[in-house]
1. Show which aspartates and glutamates lie in cross-link reach of A:Lys86 when reach means a straight Cα distance below 17 angstrom and same-chain residues fewer than eight apart are skipped.
2. At 7 Å along Cα-to-Cβ for each site, give me the label-to-label distance between B:Arg402 and B:Glu232 in nm.
3. Report, ordered by chain and residue number, the lysines lying within cross-link reach of A:Lys143, taken as a straight Cα distance under 21 Å and ignoring same-chain residues fewer than 8 apart.
4. Quick one: go through segment A:31-56 and flag any residue whose amide nitrogen is under 13 Å from the point 7 Å out along the Cα-to-Cβ line of A:Ser93.
5. Arranged by the count of other C-beta atoms within 10 angstrom, fewest first, what order do B:Glu186, B:Glu150 take?
6. If you put +1 on each Lys and Arg Cβ and -1 on each Asp and Glu Cβ, how big is the dipole of segment B:113-154 around its Cα centre, in Debye rounded to 20?
7. Counting other beta carbons within 10 Å of each residue's own, what order do B:His199, B:His327 fall into, fewest first?
8. If I take R0 = 41 Å and measure r between the Cβ atoms of B:Asp64 and A:Ser247 in this structure, what FRET efficiency does the formula 1/(1 + (r/R0)^6) give, to the nearest 0.05?
Amino acid sequence: MSKIDDLFNNLRRNNQKAFMPFVTAGDPDLEFTADLLRTLDAAGCHLVEVGIPYSDPIADGPVIQASYTRALDAGVKLDAILEMLKSVTSGISMPVVTMVSYAIIYRVGIDDYLDKAIAAGVSGAIVPDMPVDESAELAAKCKERDFSLIQLVTPTTPRERAVKIAQQSSGFIYYVSIAGITGERNSLPSDVVENVGWLREQTQLPICVGFGISQPEHAEMLKPVADGMIVGSAIVRRIGAIEDGTSKEGALADVSAFASEMLSTINR
Amino acid sequence: MPTSFLDSPSPDASLPDENGRFGDFGGRYVPETLVRALDQLEAEYIKAKEDPSFQQQLDILLRDFVGRASPMYFAKRLTEATGGAQIWFKREDLNHTGAHKINSTLGQALLTLRMGKTRVIAETGAGQHGVATATACAHFGLPCIVYMGEEDVRRQSPNVQSMKMMGAEIRPVTTGSRTLRDAVNEAMRDWMGSVEDTHYILGSVVGPHPFPLIVRDYQSVIGRETIEQSRERFGRLPDAVVACVGGGSNAAGMFFPFVANTDVPLIGVEAGGRNDQPGEHASSLTYGKPGVLHGSFSYVLQDEDGQTDDVHSASAGLDYPGVGPEHSHWKATGRVEYRSCRDDEALATFDLIAKTEGILPALESSHAIAKGIEVAKERGKDEIVVVCLSGRGDKDAAEIRRLRGE
């Protein structure tokens, strides 16, 4: 039983849903990211995705791209990110998963990456550029370590394939609400509830929905079918405001207020 | 007349395998959102390949619209000045639009129509692929959007004008190094959200399966014609074949028919830039390591964290930190030898070819010719070296003047 399995078992027992923010490691610096993680935990967030900055993130929209560029320009390195996580994870209760390109995992080495991430208290990984067809080796090595490999299902995924992905996934399934890149949307596709509802019947795994979600109304809409909701750009944009003169304390307070609003909508 | 070269096809002729792998290299490292479109593209490509009417349609276009077969030309004065083997140019610069890129964009535009897709996107570096895509789209009446790094928009402005005149929309890319790699990123992001009605006409033998296969196959007309023309002219195959490698499409098209069936030495030429330090060149095979970039596993220039290095080449079309997976396989098996050519050697070769042959070669092709001359010097007067002159250099005239401070 991984920490993520425990989380969703507890939530399901209490008939609750997860709110899962995404943050970029090292934007604008790692000390701030550490404060941000503690703030999100204190606000009651259930799980956090930590984005490992990558130079060529093709699934990401302008907001997350810009945050990766800020972090890389500031010189953030993988080892320093994992050290920061190690110092934070023991003091927070929400599980941490990394959103990380396979370009990075391959370069570091699958075994080394997983061992270092586990030592840093990380519970799982989302690898957005690794479809299920390429994931056998990584999935096997994650399984050996009881480390969750969260795979993605999208609106363009044929249903038969979605079932296969669900079988190969662990921790939870990441349902991508829209065919497109990350970024805030005013409205979500009308068939997202139906699609998640269908997937719900195919698997016991929790299903969390991300991409485009940025408003309490989205959470309201997804509540009946999803186990969790992932919000990235709407958080990262609030951090990006630091570059334009917002104080770090101000950004933390803004994110904290937004997280609380989403949490109260989700578990009202 | 040797007849043996068709007798023993190399096992490499059947690659990629069903997983899109050339040995260890290739595959599909893309977001799940794109997988269905790649499956659909692969299925349509295979269907088209088995459809004689498709091949006939493409052959007629290549003959009447592009002007194929492209000539093979004896560079007599260059040969005399070099003092080694005979140097011949495969004249892809004489194709309509001035480069080899049109060979693949017409094939892919036909696939776009077959798939019922109604919009085309493309990336471009030097602008040759952008022009060739805009041309194919104008020919078939398809809307066309071209992503091009801001730096390349500046240094390849004649091509930008041509694309616009043919109705394409240019979207300058201002992220990262503002060159080819960033243009690929932006095109991929567009495709993530438009995949249902849009085909991405990728310009090189890079990216996720099946792109390296499709682009190679459509470009292989270069190598097939070279084999045919060599047998007609010389009664035999050349003693060496040379082509430049950025992503590697003209080289893959030139080399594949030889790799498949012969043991003719093949030499690929990468952009050596200013020197061999990271950031100063674009020689992925010479100085890089296997890794993942833009959807495939291949040689790449990266730091120890897997972040893509900035690269440099005077030539926009070679200014790319990765290379097609099949080239990585050919390097690993030793079938192709890869050399690296510096900016200054390429510029000097551009001058030499202009003055001795009355041809302005593209800066990309000038890299190949520079090493073609080197190879010719290593060989006797009876031997034949064919260099792929992949494109014309008119587009580079202004940039060359700027680099020289004129």
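1. Within the straight-line cut-off, A:Lys86 pairs with A:Asp29, A:Glu31, A:Asp35, A:Asp41, A:Glu49, A:Asp112, A:Asp115.
2. 4.0
3. A:Lys3, A:Lys116, A:Lys164
4. Answer for this model: A:41-47.
5. B:Glu150, B:Glu186
6. Around 340 debye, computed over segment B:113-154.
7. B:His199, B:His327
8. Using R0 = 41 Å, I get an efficiency of 0.05.
Each value in this text was obtained by applying a stated rule to the coordinates, not by laboratory testing. Everything numeric in this text was worked out from a predicted model, so none of it was measured. Glycine also receives a Cβ, built like all others from the backbone with ideal geometry; neighbour counts cover every protein chain displayed.
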